[in-house]
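Step one of this worksheet: look at the structure below.
Derivation of every value follows stated rules applied to the coordinates shown; laboratory data play no part. These figures come from a predicted structure and were not determined experimentally. Cβ: placed from backbone, ideal geometry, glycine included. Neighbour counts: every protein chain shown.
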Amino acid sequence: QEIEVEKPLFTDNGKLILKYLQEHQEEDSWKARDIAEGLFMTSKRVSGAMRKLVTDGYIEKLGQDPVVYGLTETGKNIVIED
């Protein structure tokens with residue numbers, strides 16, 4: 001018999017990033033590098049977490065060159081439990 005394991009809504013990095021963006025909504029778009037610098041993470045870690053946040057609908061890509069991201073309404077309104 002299979003045991004359903006509830007997947008966490010966010011990775012640890014995803015949670016940090018989403019919180020960071022929610023707390024800095026005076027900006028409406030960010031480059032992964034800016035987020036990485038703000039959180040003292042590598043851009044690579046941020047980019048990986050961003051992909052999942054985009055797939056899950058919390059963040060959207062706003063531009064391609066450079067790639068910039070913004071919070072979706074869902075991303076702005078989700079409450080992140082610690």
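Restricting to DSSP loop positions (anything but H, G, I, E, B) with no more than 14 other Cβ atoms inside 10 Å of their own Cβ, which GluC sites (Glu not before Pro) remain in the range 18-72?
Hits after loop and neighbour filter: 26, 27.
Would you mind calculating the gained length between residue 27 and residue 9 on full extension (0.36 nm times residue separation, minus the Cα-Cα distance), in nm to one decimal?
Answer, rounded to one decimal: 4.0 nm.
How big is the range 7-48 on each of its three principal axes, counting only the C-alpha atoms and giving the largest first in Å?
31, 20, 14
If you consider only alpha-carbon coordinates, what radius of gyration and Dmax does the chain have, in Å?
13.2, 49
At what distance in nm do the modelled label points of residue 77 and residue 44 sit from each other, each positioned 7 Å from its Cα along Cα→Cβ?
Here the modelled spin labels are 3.8 nm apart.
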